[in-house]
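Notes follow the structure.
Values in this text are rule-based calculations from the coordinates and carry no lab data. Just so we're clear, the structure is a prediction, and the values are computed from it rather than from any experiment. Neighbour counts run over all protein chains shown; Cβ positions are idealised from the backbone, glycine included.
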Amino acid sequence: MQNENADILSELKKLNQFNANSKKYLIVFLLLIGISIGFDIFVGNQLKYEEKKYYENKNKLLESRNDEELSLWRDIQDKLYANDIENAIKVLKKAVDEHPNNYYNQAELGDYYLRTNQPKKALEHYEKVYSLIPLEKYGKIITAIKKRLAQNS
């Protein structure tokens, strides 16, 4: 009987020691989660700020658009949905020519040129976009295009 009691006491001591170590690991784990959440909040706020600037400018652009611009944009969208890329690009080029300060159309055309491996033309449009709306993401795109052009020359 005493042997059984000694075994039980030994097991209880092991459990108590395990619980003490578990508490230490739990505290470290919770601290790491807290730091991670704090970092996510900081990064999220930065992204929200960039996004807010983007949408504020986009809303200003939409408010300032006239019926002709909206008609061109609808025409572009209709052609894209119909997978008529060639004609959509023609209309987009027309929209950029007629409304060169419309950063959204400039960015769309820049995207098209990037996707069709025409980085010099893409750079021209992204530099215009950046001059109109200097968001960090457009600056990064310009830097990447310039780096690509330097590697290819």
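Can you put Asp97, Asp78 in order of Cβ neighbours within 10 angstrom, beginning with the fewest?
By the 10 Å Cβ count, ascending, the order reads Asp97, Asp78.
What ranking do Ile133, Ile142 get, fewest neighbouring Cβ atoms within 10 angstrom at the top?
Ile142, Ile133
Using 0.36 nm per residue, how much length does the chain from Asn87 to Glu68 gain when fully extended, once their Cα-Cα distance is taken away?
5.1 nm
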